Amino acid sequence: MLSSLASQGPEDRPVLDHCLHFPLKPNVQLRTIRVQDCTEGWPMFDWNDMRFFVEVRRAGTFALAGRRLRCAHTTVSRRISALEEALGARLFERIGDRLELTAEGEAVAALAQRMEDTAIAISDRAVPAGTAITGSVRVGAPDGIGNAFLSARLPDLCRSQPGLDIELVPVPVTHKLWNRDVDIAISLDRPETGRVVMRKLTDYDLRIYGVPALLERAGHPETVDDLLAFPFTGYIDDLLFSGALDFNRTIHPGLRVAYKAATVKAQMDAVGAGVALGVLPCFMARDTGLVPLLQDTVAFSRTYWLLYPEDLREVERIRVVAAHIAGAVRANAALFRFRPDDAADPSLSPG
């Protein structure tokens, strides 16, 4: 029954919203519902149960949802059962060790998310101007900018806003934003669709790097063809989350990739160990002793985008965290670009 919600047009949305909140008269089918078919009174389910529904959808297990909600997993299970009974639909099914939404659950999820977002917006607007920000914001970022830049700068915001909880997680794929696994996403790809607030953070440069010990053994490449004599590191093909990172094929289809890793940090470790050459972000390789190679011949530039859902635009804590990230990047703009000397600059701001 609830699965028919997904097929309704925008003109039906107020009616659907109303009927999720109020009981129906007997013998009324949801797909043909009209306002006059709804009885008066309180919602047919406990509104608080939607908090549990949203968190289980996000967490994937009762146990993890319970930890986030600071209650026992049995309480979470009981509240979900009560919600399913009230709605007359099964909302989750177990697939492996995770709970996934059923078709009926998917139909409810968008409306439940709107309820949570509205509650958050009400809470934020109830706070007078100048009052400390509270709540939790989860930031998802590729491991490069996440581990090598944001991890050193987000704690500053926690110090200035002690009521704000920030979670930094490695999220290489933008669709995590649409699933609400994260509140703010840093992406290499500019989305073409979706209702999203989008801000360009910065362009960043990449070059081929090697360790001096390897170059002493194998020689210093002078041309792209010379690179064929060297082992390379790169991403695992089926875990490559953006075509923009497929550098090795762009350089030369004949490159031998001897060591593959899912993260740029692991690739950088391989380069530092003298195992291979690799394409690395300049902001990570700087001041590490690694040597840029063919820097004028093989030069890459990519872009970081900051994204969050349009319906979170007015949520104060989202705006505060997004502004802090953008400000930190702006204050360190030179860090992300290649410099011929590739030396650390002590004047760079910590952001």
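Bear in mind these aren't lab numbers, they're just calculated from the coordinates by the rules spelled out. Please read these numbers as outputs of a predicted model, since none were measured by experiment. Glycine gets a Cβ as well: all are built from the backbone with ideal geometry, and neighbour counts include every protein chain shown.
Below are the figures for this structure:
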item: Relative contact order, percent, segment 203-302 [alpha-carbon distance under 8 Å, six or more residues apart]; result: 52
item: Peptides ranked, highest mean first, by Cβ atoms within 10 Å: ranges 58-64, 248-254; result: 58-64, 248-254
item: Per-peptide average of other Cβ atoms within 10 Å, ordering 256-263, 101-108 highest first; result: 101-108, 256-263
item: Rounded FRET efficiency, nearest 0.05, which uses the C-beta distance separating ALA82 from ASP341 and R0 of 56 Å; result: 0.30
item: Protection-proxy order for peptides 134-142, 67-75, 208-216, 84-92, each taking the mean of Cβ atoms within 10 Å per residue, highest first; result: 134-142, 208-216, 84-92, 67-75
item: FRET E, pair ALA218, ASP238, Förster distance 45 Å, beta-carbon r, rounded to 0.05; result: 0.95
item: Projected label distance in nm at ILE95 and ASP246, using a 7 Å step from Cα toward the beta-carbon; result: 2.6
item: In order through segment 329-341: 3J(HN,Hα) via Karplus (6.51 cos²θ - 1.76 cosθ + 1.60), integer Hz, x for Gly, Pro; result: 5, 4, 5, 10, 4, 5, 4, 8, 10, 6, 10, x, 7
